[in-house]
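Beneath this line is the structure, given in structure tokens, with notes to follow.
The values are calculated or read from the model by the stated rules, or taken from the named source; none is laboratory data. What you see is a predicted model, and the numbers here were worked out from it, not measured in a lab. Neighbour counts run over all protein chains shown; Cβ positions are idealised from the backbone, glycine included. Note: accessible area is taken over every heavy atom of the protein model, side chains too, but ligands, DNA and RNA are not part of it. Shrake-Rupley method; radii C 1.70, N 1.55, O 1.52, S 1.80 Å.
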Amino acid sequence: MKPGALERRAGRTLVYALLVVVTLWLVGPFIWLFVTSISYQRNLLARPLALVPPEVTLDNYRMVLGMVRFHAEGQAAKILPSMLNSLVVATAVTVVNLTVGTTAGYAYARFRVPMKTFSLFALLFTRMLPTVVLIPAYFLLFKALGLQNTLTGLVLAYCSFTLPFTIWIMKAYFETIPADLDKSALVDGCNRLQAYYRVVLPVSGPGLVAAGAFTFMLCWNEFIVAQILNTKLGTTTLPPVIAGMNAQINIDYSVIASSGFLSALPAVLLVLCFQKYLVQGLTTGSVKG
Amino acid sequence: MISLVVVFPLVYSLWMSFADVNLLRTTGPALELFGLSIPLFRYVGAQNYVRLLADPLYWDSFWRTAYFVGAFVLETAVVGLGMALVLQERFLGRPLMRSLLLIPWSLSRIVVGLLWIGLLDVEFGALNGLLYRAGLIDSYISFLKSGFSALNVLVSVYMWNQAPFATLLLLAGMQSIPTEVYMAAEVDGAGYWQRLRYVTLPALRGILFLVLVVSTVNGFLMLDLIYILTMGGPGNETTTISWLGFQTAFQFFKFGPGTAILYTLTVLCLLLTVVYHKVVFRKLDAEQI
């Protein structure tokens, strides 16, 4: 509520009580993931369960990172290489989005694109499309192209899913920048491209950060496409590897939890670092369409 | 470029839904394109669709999906709005709380599933541990054992992941309501609930609608959580249309029926896009006038 709402003292207490509930709801599960990742499985199985772990250990992380030998090390040893794959793919897709997607967003915001309404609709539809319907086609196309089990194929597939988002976000962002800015650059002797690169882009930092962080996060977290297209050992990204570990009965939950926590950390930190821009970019992108 | 990487696979998938796709025999009629030969398989007409619509499993999944989407949209809207109302109050550390909102949303669904396994598992689940300590249960509950309870777990876990984004959108909407309106309402003697009913909710109507449409689409498409938490089971009791399509195409490798199932979803999403498009553009027009 706006200032002035719930001024009574009981109201304040209620607000803080609710805040505690919301906080627990939002971060409690994530913190518990961390707690399990530094616990021994035997302590997680104990009844009654100790909420503060009686023993703290980094053994799970050592196992996952290949520093100690254990029975399922074959599975766990894939964590670091697949993390590298995730990083390469997510970075490449982000770069493509920030160059191609941003320029297209600028075009939509400033020019009379032929069939603008139709192509915007197509863009929106692509955004709402069940991506999984495209995967059988990618599967066969990539097989023909020899792109199966390659990071290039994954980058290509991810670009097709993320570009509509980026164009949409950047279009909304560019629309908040007064068109007079470009016009004055044009009057000063820039051509369109120069006006875009020298004048508009430098003031679009927040929009670029939002689109970039969002794209990176989507790629880092994507599971289904990577799971199906890159099945060969060592060619896939983190989420399929973790899902694979989870499907093995002989790996302790605490070990899987540590790899889950490791894989979550980069995306969470990225989003927290750029949260201001991200929220701004995503809300203008969605609210204004 | 986008039309190339999205439209072509989309059309190719549509073709497959009308074909008898045998992945082992990719010879036969093929589309020659830039020196590539893309297998076309044997055209079988609407056979895949006819069989599909006669399959009780499809209709079971259909109604289950309807329940899933309904429950998910409702929970997301209610919890999203509830959290937005709490976070809109004035309190210490409000910016921090808004960052915390992004944590569940920035996690990969694989990690989301993983950490909820840590909370709900029948052997080491923390929620079970808490309930047991509090003396509320005598033995640990297996939340994923019965189909209906597993389905509801999926709904709630997905909501945990998605509701924060709805909250962000709603908070952005609340901030655009002028403070004067609330002051005027207060002068007129409106209490908290009256202000909510007559000022906040009407002003948020557009965004609430957006939240409903977006979460409907997301509900229809949810796949990765099913993969990590239930695999559609026990039996087929958490099999939704998107899981059925995924399973048919990629576990049984029946691309024809699989793409047909996924195409029925695509058509649904297309309809929802039309609705979204209309709303967004009507809103834009209103703003421009």
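Compute from the Cα atoms of segment A:191-289 the Rg and the Dmax, the latter being the longest Cα-Cα distance, and quote both in angstrom.
Rg and Dmax of segment A:191-289, Cα atoms, are 18.5, 64 Å.
Report the far tail of the P(r) of the protein assembly as shown, meaning the percent of Cα-Cα pairs longer than 39 Å.
Here the long-distance tail beyond 39 Å is 31 percent of all Cα pairs in the protein assembly as shown.
What percent of all Cα-Cα pairs in segment A:183-233 falls into each 5 Å bin, going from 0 up to the bin containing the maximum distance?
4, 17, 15, 12, 10, 10, 9, 9, 7, 4, 2, 0
Find out how many positive minus negative residues lie around residue B:109, taking Lys and Arg as positive, Asp and Glu as negative, among other residues whose Cβ is under 14 Å from that of residue B:109.
-2
Calculate the translational D of segment A:91-153 in whole µm² s⁻¹ from Stokes-Einstein, where the hydrodynamic radius comes from the Kirkwood formula applied to all Cα pairs, the temperature is 20 °C and the viscosity 1.002 mPa s.
152
With the crude spin-label approximation of a point 7 Å out along Cα→Cβ, what separation in nm comes out for residue A:88 versus residue A:193?
Reported label-point gap for residue A:88 and residue A:193 is 3.1 nm.
Tell me, what is the FRET efficiency for residue B:251 and residue A:34 to the nearest 0.05, using R0 = 51 angstrom and their Cβ-Cβ distance as r?
0.95
Can you list, bin by bin at 10 Å, the percent of alpha carbon pairs in segment B:138-270, starting at 0?
Calculated P(r), rounded to whole percents: 11, 28, 25, 18, 13, 5, 1.
Ignoring ligands, DNA and RNA, how much accessible area is buried between chains A and B, both sides summed, with a 1.4 Å probe, to the nearest 100 Å²?
Interface area, both chains combined: 8700 Å², rounded to the nearest 100.
Can you give me the angle between helix A:238-247 and the longest principal axis of chain A, using Cα atoms only, in degrees from 0 to 90, rounded to the nearest 10?
Roughly 30 degrees, rounded to the nearest 10.
What distance in nm lies between label points placed 7 Å from Cα along the C-beta direction at residue B:137 and residue B:198?
Those two pseudo-labels are separated by 4.6 nm.
Computed FRET efficiency, Cβ-Cβ of residue A:112 and residue B:23, R0 35 Å: what is it to the nearest 0.05?
0.15
Does segment B:56-231 come out rounded, prolate or oblate by the C-alpha gyration tensor, with a ≥ b ≥ c the root eigenvalues, rounded set by a/c under 1.5 and, if not, prolate when a/b is larger than b/c and oblate if not?
prolate
Given R₀ = 56 Å, what would the calculated FRET efficiency be for residue B:205 paired with residue A:71, taking r from the Cβ atoms and rounding to 0.05?
The value I calculate is 0.45.
Give, as ranges by residue number, the residues of segment B:141-156 whose backbone N falls under 15 Å from the point 7 Å along Cα→Cβ of residue B:67.
Inside the label zone: B:144-156.
Tally up the carbon and sulfur contribution to the accessible surface of segment A:143-237 as a whole percent, 1.4 Å probe, everything protein left in place.
64
If I model segment B:144-191 as equal point scatterers sitting on the Cα atoms and use the Debye formula, what is log10 I(q)/I(0) at q = 0.20, 0.21, 0.32 Å⁻¹?
Values returned for q = 0.20, 0.21, 0.32 Å⁻¹ are -0.74, -0.76, -1.01.
Please give the direction-averaged projected area of the C-alpha convex hull for segment B:174-229, in square nanometres with one decimal.
5.4
Taking 7 Å along the Cα-to-C-beta vector as the label spot, tell me the residue B:96-residue B:42 distance in nanometres, rounded to one decimal.
Each label point lies 7 Å from its Cα, and together they span 6.8 nm.
With the calculation restricted to Cα positions, what are the radius of gyration and Dmax of segment B:203-251 in angstrom?
So, for segment B:203-251, Rg and Dmax equal 14.2, 47 Å respectively.
For the cross-link pairs A:78/A:276; A:116/B:278; A:116/B:254; A:171/A:276; A:116/A:183; B:254/B:278, which exceed 26 Å when the distance is taken from alpha carbon to alpha carbon?
From A:78/A:276; A:116/B:278; A:116/B:254; A:171/A:276; A:116/A:183; B:254/B:278, over 26 Å: A:78/A:276; A:116/B:254; B:254/B:278.
So which DSSP H runs in chain B come out at 20 Å plus along the axis (Cα) with average Kyte-Doolittle of at least 1.6?
Helices meeting the criterion: B:205-221.
Helix-only mean residue ellipticity at 222 nm, chain A, DSSP H runs n ≥ 4 weighted -39,500 (n - 2.57), per residue, nearest 500. What is it?
My calculation for chain A gives -21500 deg cm²/dmol from helical runs alone.
Would you mind listing how long chain A runs along its three principal axes, going by Cα atoms, in whole Å with the largest first?
Principal-axis extents of chain A (Cα, largest first): 73, 68, 32 Å.
Under the definition of Cα pairs under 8 Å and six or more residues apart, what whole-number percent is the relative contact order of segment B:56-231?
This gives 36 percent for segment B:56-231.
Helix A:205-221 versus the longest principal axis of chain A: what angle, 0 to 90°, nearest 10, using Cα atoms?
40
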